[in-house]
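S.K.: Have a look at this one.
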Amino acid sequence: MSLSTSHPRWTPYVFIAPFLTVFAVFMVYPLIQSIVLAFRQTYGPDYVIWVGLANFRNLLADPDFWTALKNTFTYALASVTIQLPLSLGLALLLNRPGLRGRAFFRLIFFSPSLVGVVFVAMMFSVMFGEKEGLVNTLLRTFVPGFPPVFAWLQNYVMSALIVASLWMYVGFNMIYFLAALQSVGQDGIEAAEIDGANAWQRFRHVIFPEIKPVAGFVVLLSIIGSLQLFELPFVLLNGAGPERRGLTVVMYLYQNGFERNDLGFASAIGWTLAVLLIGLAIGQRKLMGKEE
Amino acid sequence: MQLSLGSWTICGLAVASSLGMAFWKAPAPPGKPFWLFSQSHSLTYMPMIAEWNKTHPPEHQFNGTVIAGPALERRLASGLLSGTPVPDAVEIEISMAAKVYAGPLDAVGLVDLTDRMNHEGITAQINAPSLAPWTTHGRIFGLPHDVHPVLLAYRADLVEAAGIRVEDIETWDDFARIMAPLMADKDRDGYPDRYLLGVWETNPASIEILILQAGGEFFDQNFKSVINSETNARVISGIVSWIAGPKRIGANAPNFDAEGNHLFLSGGVVCCLMPDWLAGVWMQDLPGLKGKVKLMPLPAWEKGGRRTSVAGGTMLSIPERSTDVENSWDFAKRLYLSRDLAETLFKNSSIITPIKTHWNNPVYDKPNPYFCGQANGRLFINEAPNVPIRTSSPFRPAAIQAVTDAIIRLKQRAEAQSIYTPSALLPFAREELKRAEAEVRSQMDRNFFQTAENQAKVSP
């Protein structure tokens, strides 16, 4: 096979033109339009008013926005502080040399993330049923005096969301950690062992520094995923839940944009979320860079 | 430039698929599109649409298409606002109507039927409160499909076995007092064996029913928020007194839900707020209750008060861009004003027509074995003229949600402070409704298009 060098100079541009066209039409243009839209109020394309910063002012004055932000960050915090240590713990267990059935357990722990979010939400809504749900049935069986009716999805909305997301994502994040652990050199671990380091010291001073870049990546991924949380509470709670206890920023955006048809306000929410995400990503990069 | 065989193949496929997309048109079904969101409505209309099509030329025929509610809402909104295809006729459910009315009046996108209906004497034929949800700024944009009065369904087997006479119940206070023996704790587990009513703070539909029944509302005729009213405060205090505390009578038994259905089937909940459409749903979904359920007027909030309410609704509208508005109007009248359709609608789904002249149809007087031989049609019709008038504010869903949240907060306060009587809850109810109204007003203030002085400024 020989490479021809007789192509005109514009040939590469012809080949990337379809992608660039699609990218410009479906990404760049809507992105620019959404910035413009954030400063407008619209009702269909015919009714458009320039409102300046009013959408952003209204956003900051809306208690629902702060509720959504609080819920989203609570969930993100739980993801980072509960989900990731659990994932790392599972990965460490599965990385033990000589563990039998490792592939089987890996599949078992990973399999929940193969299931669609909507299905998981439906399943947990049945499990958290007030009277006949699996959770309450088990608690009634094993906890004397547990009431015949207990509404998890009213009284413990965030806990229910966190439990459902743990089930779904712990195994998924475990795979990242497992891959990272498998690339940790055995020499360092053995040397530490000879020097008398216990399991915690080996993890703290040898293993963790080696998997830190992956851990940083997983933390960032979890935070971004958490800030984009939508389907799970939307289906599990059939909306934002009682007193908006399950309202997230993306659900707030959806409600304003598509249920109230206020696309300008929704664009303002979207850009506020984007700025938050960019800020978090930069902060995380700087933090990791400084530590390295 | 030399291209390999693979490159030529890719280019060929790209050109062929582009040409295909540009020139191939998916075959459209014959007839003008008539969009529906309900399969049961479609089944009811099919024979009449077939009959219409037999007697009309192809260019005037209709094709009923069922589209899932949310999809219909999006497609219709897109069509009305930005020129994508719209149907020639469409059924719109009440929650969608609020969105259609969210912009300036001249942007509604549906044919204003007010003058036609008045001129042809149709307005006078229709049960007056049934027009209200489809009216905005005094203009009617759809023919009403239904009345949806609400009665109280109760487990007659349990109530009668306990020797309770429902004829003695006139008010909600009577209801709680007279039905109380049904809440005994015979299994001695520390909880009542049964609860009296399927009402809960997370069920906005039942909260709306009870507020409307009492004469409360969320907006006045000028679309001003009236959430923070004394009537509403009294109602939400009453509701919280039913669902909070050790002597609560209410339970969470949502419809269309396995646990809710189980509670009604097992007798865990004795009574249910029942619109006419729900009677049809129960007959289909809960056959186990056949011969065990009876209907009665709702207990009133005070002696001599209203014994019914209203829940849900549908209208038939014609988009302004319909290809033949006159033909669509004739079709709409043929369908919705038909005596045959009213009868089929009742037989299929227990829904009564809003056309008053059809109420003398004997089908409504037929004893129904499901309701222990009661003529459920006549019971609903008796209350139809009394259903409360609703307004069509686009902020209605937000208002209902805000009041629901107010009830949740009020219940939390009731339980935190062990206050369970309506009179003790009333001052807190006023505070919570004030907060709810402020929330809704802030949303309304955000909408430039809804302020009357701005409507003129924004015409395209």
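Nothing in this text is a laboratory measurement; each read-out follows from the coordinates by a stated rule. Quick caveat, the model's predicted, so the values are computed rather than measured. Here the Cβ positions follow ideal geometry from the backbone for every residue, glycine too, while neighbour counts run over all protein chains shown.
S.K.: Students often get this wrong: which residues of segment A:130-164 have the backbone nitrogen under 19 Å from the point 7 angstrom along Cα-to-C-beta of B:Leu158?
M.R.: Residues A:130-133, A:148-150 fall inside that zone.
S.K.: Give me the net charge of A:Ala268's neighbourhood, meaning all other residues with Cβ under 14 Å from the Cβ of A:Ala268; Lys, Arg count +1, Asp, Glu -1.
M.R.: Once positives and negatives cancel, what remains is +1.
S.K.: Moving on. Return the average number of partner chain Cβ atoms within 10 angstrom of each residue Cβ along peptide A:58-65.
M.R.: Taking the mean over all residues of the peptide, I get 2.
S.K.: Could you work out the relative contact order of segment B:251-358, using alpha carbon pairs under 8 angstrom and six or more residues apart, expressed as a whole percent?
M.R.: Taking the mean separation of contacting Cα pairs over the length of segment B:251-358, I get 23 percent.
S.K.: Given B:His148, B:Met96, B:Leu81, which one lies farthest toward the positive end of the charge dipole of segment B:1-148, if we put +1 on the Cβ of every Lys and Arg and -1 on the Cβ of every Asp and Glu?
M.R.: It is B:Leu81, whose Cα lies furthest towards the positive end.
S.K.: Cut-off under 15 Å on the C-alpha distance; same-chain residues fewer than 8 positions from B:Lys99 excluded. Which aspartates and glutamates are left, in chain and number order?
M.R.: A:Glu259, A:Asp262, B:Glu73, B:Glu91
S.K.: Give me D for the protein assembly as shown in µm² s⁻¹, whole number, from Stokes-Einstein with Rh from the Kirkwood sum over alpha-carbon pairs, 10 °C and 1.306 mPa s.
M.R.: 53
S.K.: Based on the inverse mean of 1/r over its pairs of different Cα atoms, what is the Kirkwood hydrodynamic radius of segment B:63-143, in Å? It would help to have the intermediate numbers written out before the result.
M.R.: Numbers: mean 1/r = 0.0735 Å⁻¹.
Result for segment B:63-143, one decimal place: 13.6 Å.
S.K.: Still on this structure, please answer the following. Report, as an integer, the average count of C-beta atoms from other chains found within 10 Å of each Cβ along A:257-269.
M.R.: Partner-chain Cβ atoms within 10 Å, mean over residues of A:257-269: 3.
S.K.: Let me ask another. Taking the Cα centre of segment A:29-160 as origin and charging only Cβ (+1 Lys, Arg; -1 Asp, Glu), how large is the dipole, in debye to the nearest 20? Kindly include the intermediate steps, with their values, before the conclusion.
M.R.: On the way: 9 positive and 5 negative charges, 136 e Å.
Dipole of segment A:29-160, to the nearest 20 debye: 660 debye.
S.K.: Calculated FRET efficiency, B:Asp257 and A:Trp200, Cβ-Cβ r, R0 35 Å, to nearest 0.05? It would help to have the intermediate numbers written out before the result.
M.R.: Working: r = 49 Å, r/R0 = 1.40.
It comes out at approximately 0.10.
S.K.: If Lys and Arg each add +1 and Asp and Glu each add -1, what is the summed charge of the other residues whose beta carbon sits under 15 Å from the beta carbon of A:Asn198?
M.R.: Surrounding charge for A:Asn198 is -1.
S.K.: Note down the relative contact order for chain B as a percent, whole number, built from C-alpha pairs under 8 angstrom at least six residues apart.
M.R.: Values: 768 pairs, mean separation 110.0, N = 460.
It rounds to 24 percent for chain B.
S.K.: Nearest 20 debye, what's the magnitude of the dipole of segment B:125-262 about its Cα centre given +1 on Lys and Arg Cβ and -1 on Asp and Glu Cβ?
M.R.: Working: 11 positive and 19 negative charges, 50 e Å.
My answer is approximately 240 debye.
S.K.: If you don't mind, another one. Using the C-alpha gyration tensor of segment A:39-128, what are the square roots of 5 times its eigenvalues, in whole angstrom, with the largest one first?
M.R.: On the way: eigenvalues 407, 60, 35 Å².
Result for segment A:39-128: semi-axes of 45, 17, 13 Å.
S.K.: Between B:Ser266 and B:Val363, what FRET efficiency follows from the Cβ-Cβ distance if R0 is 30 Å, with the result rounded to 0.05? All intermediate terms of the calculation are to be shown ahead of the outcome.
M.R.: Details: r = 33 Å, r/R0 = 1.08.
According to the calculation, E is roughly 0.40.
S.K.: So which residue, out of A:Thr137, A:Thr81, A:Thr21, gets the largest mean-square fluctuation from a GNM of chain A using Cα contacts under 10 Å as springs?
M.R.: Fluctuation is largest for A:Thr21.
S.K.: Which length gain, in nm to one decimal place, applies between A:Gln284 and A:Asp187 when the Cα-Cα distance is subtracted from 0.36 nm times their residue separation?
M.R.: So the extension gain works out to 31.9 nm.
S.K.: P(r) for chain A: what percent of alpha-carbon pairs falls in each 10 Å bin, starting at zero?
M.R.: Over chain A, the share of Cα pairs per 10 Å bin runs 6, 19, 24, 23, 17, 9, 2, 0, 0 percent.
S.K.: What percent of all Cα-Cα pairs in segment B:205-248 falls in each 5 Å bin, counting up from 0?
M.R.: Going from the shortest bin to the longest, the percentages are 5, 22, 28, 21, 13, 6, 3, 2, 0.
S.K.: Along Cα→Cβ, 7 Å out, is where each label goes; now give me the distance between the ones at B:Asn118 and B:Asp168 in nm to one decimal.
M.R.: 5.2
S.K.: Rg and Dmax of chain B, using alpha carbons, in Å: what are they?
M.R.: Calculated on Cα positions, Rg and Dmax stand at 25.3, 96 Å.
S.K.: Sort B:297-303, B:18-24, B:31-37 by packing, meaning the average of other beta carbons within 10 Å per residue, with the highest value first.
M.R.: Ranked from most to least packed, the peptides come out as B:31-37, B:297-303, B:18-24.
S.K.: Over segment A:152-217, consider all pairs of different Cα atoms and compute the Kirkwood hydrodynamic radius from their mean reciprocal separation; express it in Å, one decimal.
M.R.: One decimal place: 14.1 Å for the Kirkwood radius.
S.K.: Beyond 21 Å between alpha-carbons counts as too far, so tell me which of B:Lys411/B:Lys434; B:Lys224/B:Lys434; B:Lys186/B:Lys247; B:Lys247/B:Lys303; B:Lys186/B:Lys290; B:Lys290/B:Lys366 fall in that bin.
M.R.: B:Lys247/B:Lys303; B:Lys186/B:Lys290
S.K.: Toward the positive end of the charge dipole of the protein assembly as shown, about the Cα centre and with charges on Cβ (Lys, Arg +1; Asp, Glu -1), which of B:Ile419, A:Pro97, A:Leu134 goes farthest?
M.R.: So the residue we want is A:Pro97.
S.K.: Taking R0 as 45 Å, what's the FRET efficiency between B:Lys186 and A:Leu276 from their Cβ-Cβ distance, rounded to 0.05?
M.R.: That pair, B:Lys186 with A:Leu276, gives E of 0.20.
S.K.: Just counting partner chain Cβ atoms within 10 Å, what average do the residues of peptide B:436-447 show around their Cβ?
M.R.: So the per-residue partner count for this stretch is 3.
S.K.: Hey, another quick one. How high is the relative contact order of segment A:98-214? Use alpha-carbon pairs under 8 Å, at least six apart in sequence, and give a whole percent.
M.R.: Values: 76 pairs, mean separation 29.4, N = 117.
Rounded, it is 25 percent for segment A:98-214.
S.K.: Dimensions of segment A:129-175 along principal axes (Cα, Å, largest first)?
M.R.: 40, 21, 14
S.K.: Calculate how large, on average over all directions, the projected area of the Cα convex hull of segment B:355-446 is; give the answer in nm² to one decimal.
M.R.: 9.8
S.K.: If you don't mind, another one. I want to verify a result. In a Gaussian network model of chain A, Cα cutoff 10 Å, which of these has the top mean-square fluctuation: A:Met168, A:Met27, A:Met127?
M.R.: A:Met27
S.K.: Let me know the charge dipole size of the protein assembly as shown about its Cα centre in debye, to the nearest 20, where only the beta-carbon of Lys, Arg (+1) and Asp, Glu (-1) is charged.
M.R.: 1020
S.K.: May I pose another question? Roughly how large, in nm² to one decimal, is the mean projection of the convex hull of the alpha-carbon atoms in segment B:1-107?
M.R.: With every direction weighted equally, the projected area is 11.7 nm².
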